[in-house]
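Comments concern the structure below.
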Amino acid sequence: MGLGAYIAVSAALFALGVVAIVVRRNILYVLFGIEMILNAANINFVAFNRFNGDGLDGRMFAIFVIILAAAEAAVALAIVLNVYHLFNTTKPAEVDLLRE
Amino acid sequence: MDLTFHPESDFKLLLAVPLIPLCGYLLQIFFGRFLPRKGDWLLTGGMFATMCITLYMFAKAMNHAYSGGGHGGHDEHEALIGFFHESRHTGFKWSWLFQTGEAPDSVRNLTIGLLYDGLGAAMLAVVGVVSFFVHLFSMGYMQGDRRYHIFFANISLFTVAMLGLVLSDNIVFLFIFWEIMGLMSYLLIGHLAQDPTSHRINHAARACKKAFLTTRVGDVCLFIGFMMFFLHYETFFFSELWAQVNADVALNGWQSWHTTAGLFLFGGTVGKSAQFPLHIWLPDAMEGPTPVSAMIHAATMVAAGVFLLGRLYPVLSPEVLGVVTVTGATTAIFAATIGMTVFDIKGVLAYSTISQLGFMVAAIGCGGVGLVAGLWHMVTHAFFKACLFLSAGSVIHGCHHEQDMRKMGGLRKKMPITFACMLICTLAISGVPLFSGFYSKDKIVMASFLSLGHEFNGPALWASIALPAAAAITAFYMFRLIFMTFFGAPRDSHVHEHAHESPWPMTVSLMGLAFLGIFGGHLWLNGDLLGAHGTWWEKLVMNEHNLADLSKMYGGVELQNTYGGAAMDPHGHVAHSAHIWALGVSSFVAALGIFAAWLIYHKKKIDPARITARLGGLYTTVANKYYIDEFVEITVIKSSVVTARFLRWFDENIIDGCVLLVGRINRTLGFIAAWFDKTFVDGLVNFLGTLSNAMGSALRLLQTGRIQQYISFAVAGGLLAAAWLILS
C-alpha cells in the first residue's frame with residue numbers, strides 16, 4: 001500500500017468532516033466534523049513522515065494536533081454548554097442574538 | 001484802593017465772575033430743594049458777590065478812562081491799543097481743542113481766554129447789576145411757585161451764559177455761551193409749561209418752542225458767518241480777526257464774500273435781538289415769569305445780539321452796515337406802531353424792547369459815533385427796561401396776575417413806589433432830557449443825521465426819518481401805559497380793591513434800577529450836563545474823547561468800514577449841527593408823544609375808539625401785528641408742514657418701497673437658493689447616503705452570521721482556487 005492510499009483515506013475523512021460541518025444542524029456534529037478534519041490532517045502527517053521523512057517530525061506534529069484537538073474540544077464543549085444555557089438549543093442557526 | 005488793571009492778578013478775579021453763579025447753579029440744581037427757603041439766598045448772595053466783582057473791575061476800567069487813558073502815564077503800547085486786555089497774552093488760557101498735525105501754539109488750535117475792554121467792562125457790570133436785582137426781585141415775585149428752586153437755578157445759569165459771552169475772547173466761546181443762553185431762554189420762557197396747575201401751560205409751551213426755533217434760525221446764520229471768516233483767516237480770536245480783516249481790506253478792498261459772511265453774522269443778531277422779521281418770538285416770550293422777561297429784555301439774550309454786533313463791527317462791510325441800518329430802523333418804527341395797539345402791560349413793554357433794539361441796531365449800522373451810541377443805548381436801556389419790566393411785574397403781582405391794562409387804572413395811590421420807579425423809567429425810555437435814555441437816544445438820532453450829512457445815502461435817510469418817528473411813538477405808548485395803569489378812575493373795582501404794594505425785595509430792586517435809570521446816562525461822570533464834550537461811556541470804550549479814533553475800541557485796529565476822521569469829529573461843523581438838530585428833534589418828539597398820550601388817555605379830549613374807527617383797516621392790521629405771525633404761519637410753518645408731509649409720503653412710499661423691493665428681491669433669491677439647496681445639494685447628499693445604504697444592504701445578504709454558510713463559502717472558494725490551479 002503506497003502513500004496514495006493513505007492520502008485518499010485522509011482526503012475522504014477531510015471531505016466527510018467538511019460535509020459534517022456544513023450539513024449538520026447540531027453543533028455537536030459540527031464539532032465531530034472538526035475532529036474528523038484534524039484527524040485527516042494527522043493521517044497526512046503520519047503518512048508523509050512514514051514515506052518521505054527520516055525522523056519523528058510528522059509523528060510529533062500528530063501528537064501535538066491530538067493534544068490541540070483535546071484542548072479545542074474542552075473549550076468548544078464549554079462554549080456549547082453556555083450557549084445551551086443561554087439559548088436552550090445546540091443549533092448554531094438558532095443562535096442569532098447579533099442579527100437584527 | 002488800587003484801581004489800576006493788572007492783567008496777571010485781575011483776570012483771575014474776572015474768572016470768578018462766571019464761576020460763582022455757575023457753582024451756585026450746580027449746588028442749586030442738585031441740592032436746592034433741600035436748602036432753607038429753597039436756596040434762593042444762596043444764588044442771590046452769589047450774584048451779589050458777582051456784582052461786586054464786576055463793579056470793582058468796572059471801576060478799574062473807568063479809572064483808566066478818567067486817569068487820562070492814552071495821554072501819558074502809560075506806556076506807548078497801551079496808548080496805542082487803549083484799555084484792551086486779553087488774558088492769553090499773560091499766559092492765562094486753557095487749551096480746548098487740538099487739531100491733529102498742528103503745532104501746540106498754532107492758531108488753529110482752540111484756546112479759551114478772557115477779553116476785557118471798555119465795552120466788556122460796562123456790559124459785565126450791567127449784567128451783574130441787573131441780574132442781581134432780578135434775583136432779588138424774584139425772591140418776592142416767585143413766592144409760592146411750584147418750581148421755585150429750579151427757577152433760581154435756571155436764571156442763574158442764564159446769567160452765567162451772558163457773563164461768559166461778554167468775557168469770551170474768541171467767537172467759538174461766544175457762540176457756545178450764546179447757545180447756552182438760547183437753551184436757558186427756552187427753559188425759562190417755558191417755566192410755567194412744567195407746572196400742571198398753570199392755566200397758561202399750553203401758551204408757555206408754545207412760546208418757549210417758538211422762541212427757541214426762531215432764534216435758532218439766527219444761530220445757524222451766525223455759525224455759517226463766522227465759519228466763513230474762519231475759512232479765510234483761520235482764527236477765531238476777535239482781536240486777530242479784526243486785525244486780519246482790516247489789513248486784508250486795506251490792501252484788497254472789501255470782497256463780496258465779506259458782505260455775504262457779514263450778512264450771515266448779522267443774521268445771528270436778527271434772531272437773538274429780535275429784529276424784523278425774526279422778532280416774532282419776543283412778544284410771545286412774555287409767557288415766562290416777569291423776572292425772566294426782565295432778564296431777556298434787559299441784560300441777557302437780546303443784549304447779546306447787540307453786543308455781538310459791537311464785537312464784530314470791524315469785520316462788517318459798508319454794505320452790511322447799510323442792511324443793518326435799514327433793518328434796525330424798520331424794526332424800530334414797526335414795533336413802535338404795534339406797541340400803540342397792545343393792551344397787555346407786558347406786551348407793550350415787549351414791543352418797546354423790539355423797537356429800542358431797532359434803535360441800537362440802526363445806530364450801529366450808521367457806524368462811527370452811531371456804534372458808540374448804539375452800544376451805549378444797550379447799557380442805559382438795560383437799566384430802565386429791567387426796571388420797567390420789574391415794575392410791570394410788581395403791578396401784575398399787586399393785581400393778582402391781571403395783565404390787561406384796561407382792567408387797571410388809579411393804581412398810583414395803591415402802589416406809590418412802583419409808580420415812581422416806573423414813571424422814572426418811562427421818562428428815561430421816552431427820551432426826556434436829563435434821564436439816561438435821552439443821552440443815548442439823542443446820540444443815536446445824531447448818528448443817523450451825521451451819517452446822512454456825511455454822505456447822502458438811503459439807509460441813513462430812512463434811519464433819520466424812522467428813528468425820530470419811532471421815538472415819538474415810544475413816548476406816546478409808554479405814557480399811554482402809565483396813564484392807563486396808574487391814573488384815572490379804577491376800571492375794574494375788583495382788581496383795584498385787592499391791589500397792594502409789593503414786598504421789600506421787589507421794591508428795593510425797583511428803586512435800585514430806577515436810580516440807574518436816571519443816572520446811568522450822565523451827570524457826575526460827564527464832562528458837562530448834556531455830555532457834549534464826551535460822556536463817561538465814550539471815555540470808557542474809546543479811552544479818550546475822540547470819535548475819530550474808533551480803533552481804540554478794538555485794540556488799535558485801523559477800521560476800514562468807518563468814515564474818515566473829519567466827519568466823526570464832534571467838534572467839527574457837521575457834527576456840531578447834527579448834534580444840535582438831534583438834541584432838538586429828540587426833545588421835541590418826546591414832548592410830542594407825551595403830550596398826545598396825555599391828551600388822549602388822561603384828559604380824554606380825544607376818544608381813542610374814534611381814532612381806531614377812522615383808521616379802520618390800518619388799525620386792524622397794526623393791532624394784529626401786521627399779520628407777521630399769520631404770514632409766518634402760512635409761509636414757514638405751513639410750508640414746513642407740507643414739506644414734512646411730502647417727506648413722510650416720500651419716506652413711506654419711495655424709501656420704504658425701495659427697502660421693501662430690496663427685501664422682496666432678497667426673499668425671492670432666497671427661495672431660489674433654498675430650492676437649489678433642497679433639490680441639488682440635499683439631493684447629492686441624500687443620493688450618497690442612499691447609495692451607501694443600498695450597497696450595505698446588498699452586502700448584508702452575504703453576512704448571514706451562519707458559520708456553516710461561511711465555511712461552505714470558504715470550502716467552495718478553496719475548491720475553486722484548487723480547480724483553477726489544477727486546470728491552469
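Things to note:
- Dividing the mean sequence gap of close Cα pairs (under 8 Å, 6+ apart) by how many residues segment A:3-92 holds gives a relative contact order of 29 percent.
- Cβ-derived FRET efficiency at R0 41 Å, B:Ile606 paired with B:Ser639, nearest 0.05: 0.40
- Across peptide B:697-708, the average count of Cβ atoms from other chains found within 10 Å of a residue's Cβ is 3.
- Dipole magnitude for segment A:3-92: computed about the Cα centre from +1 point charges on Lys and Arg Cβ and -1 point charges on Asp and Glu Cβ, it is near 300 debye.
- Considering only Cα atoms, the convex hull volume of segment B:253-299 works out to 71 Å³ per residue.
- Exposure proxy shown here: for B:Ser430, B:Ser587, the number of other Cβ atoms within 10 Å sets the order, fewest to most, as B:Ser587, B:Ser430.
- What the Cβ-Cβ distance of B:Ala613 and B:Asn109 gives, at R0 = 56 Å and to the nearest 0.05, is a FRET efficiency of 0.25.
- When each of B:Lys603, B:Lys385 is scored by the number of other beta-carbon atoms lying within 10 Å, the sequence from fewest to most is B:Lys603, B:Lys385.
- Distant-in-sequence amide contacts of B:Leu114, defined by a placed amide H-H separation under 5 Å and a gap of 5 or more residues or a different chain, comprise B:Ser87, B:Arg88.
- For the protein assembly as shown, the normalised intensity computed at q = 0.07 Å⁻¹ comes to -0.59 (log10 of I(q)/I(0), Debye sum over alpha carbons, equal scatterers, no solvent).
- Cα→Cβ-extended label distance, 7 Å offset, between B:Asn202 and A:Leu97, nm: 9.3
- Each residue in B:Phe334, B:Phe230 was given a count of other beta-carbon atoms within 10 angstrom of its own, and listing them fewest first yields B:Phe230, B:Phe334.
- Segment B:Leu688-B:Asp629, length gained on full extension (0.36 nm per residue, minus Cα span): 13.1 nm
- Computing Rg and the Kirkwood Rh from the Cα coordinates of segment B:359-478 gives a ratio, Rg/Rh, of 1.09.
- The chymotrypsin sites (Phe, Trp or Tyr not before Pro) found in segment B:416-516 that occupy coil by DSSP, while having at most 12 further C-beta atoms within 10 Å, are B:Phe456.
- Debye-formula intensities of chain B, expressed as log10 I(q)/I(0) at q = 0.05, 0.06, 0.10 Å⁻¹, are -0.31, -0.40, -0.96 (one equal scatterer per alpha-carbon, no solvent).
- In the protein assembly as shown, helices alone account for a calculated mean residue ellipticity at 222 nm of -23500 deg cm²/dmol, with every DSSP H run of four or more residues adding -39,500 (n - 2.57).
- Intensity falloff of segment B:259-330 expressed as log10 I(q)/I(0), Debye formula with alpha-carbon point scatterers, at q = 0.15, 0.24 Å⁻¹: -0.50, -1.04
- Rg and Dmax, both from the Cα atoms of chain A and both in Å, are 16.8, 55.
- Residue-by-residue Karplus 3J(HN,Hα) for segment B:333-347, coefficients 6.51, -1.76, 1.60, Hz, glycine and proline x: 6, 4, 5, 5, 5, 5, x, 5, 9, 8, 10, 6, 4, 6, x
- Chain lengthening between B:Glu455 and B:Phe515 when straightened (0.36 nm per residue, less Cα-Cα): 17.7 nm
- The alpha carbon radius of gyration of segment B:565-707, expressed as a multiple of 2.2 N^0.38 Å, is 3.22.
- Calculated FRET value between B:Ala714 and A:Arg25, using beta carbons and R₀ = 22 Å, to 0.05: 0.70
- Under the Karplus curve 6.51 cos²θ - 1.76 cosθ + 1.60, θ = phi - 60°, whole-Hz ³J(HN,Hα) for segment B:291-296, x wherever Gly or Pro sits: x, 5, 4, 4, 5, 4
- Across chain B, the relative contact order, built from alpha-carbon pairs under 8 Å that are at least six residues apart, equals 13 percent.
- 3J(HN,Hα) along segment B:691-704, derived from phi through the Karplus expression 6.51 cos²θ - 1.76 cosθ + 1.60 where θ = phi - 60°, amounts to 4, 4, 4, 5, 5, x, 4, 5, 5, 4, 4, 6, 8, 7 Hz, with x in place of Gly and Pro.
- Longest site-free stretch - chain B; sites: GluC sites (Glu not before Pro), DSSP loop, at most 14 other Cβ within 10 Å: B:456-728
- Checking the Cα-Cα distances for B:Lys60/B:Lys385; B:Lys346/B:Lys413; B:Lys272/B:Lys625; B:Lys346/B:Lys414; B:Lys60/B:Lys441 against a 23 Å cut-off, the pairs over it are B:Lys60/B:Lys385; B:Lys60/B:Lys441.
- Using distinct alpha-carbon pairs, which all enter the 1/r mean, Kirkwood radius of segment B:154-309 in Å: 16.1
- Under the simplified labelling scheme, the B:Ser9-B:Ala247 pair shows an inter-label distance of 3.5 nm, with each label point 7 Å from Cα along Cα→Cβ.
- B:Trp96 paired with B:Ser728, simple spin-label distance in nm, labels 7 Å along Cα-to-beta-carbon: 10.2
Only the coordinates and a few stated rules stand behind these numbers; no lab work does. Quick caveat: nothing in here was measured; it's all calculated off a predicted structure. Virtual Cβ from ideal backbone geometry, glycine too; neighbours counted across all protein chains shown.
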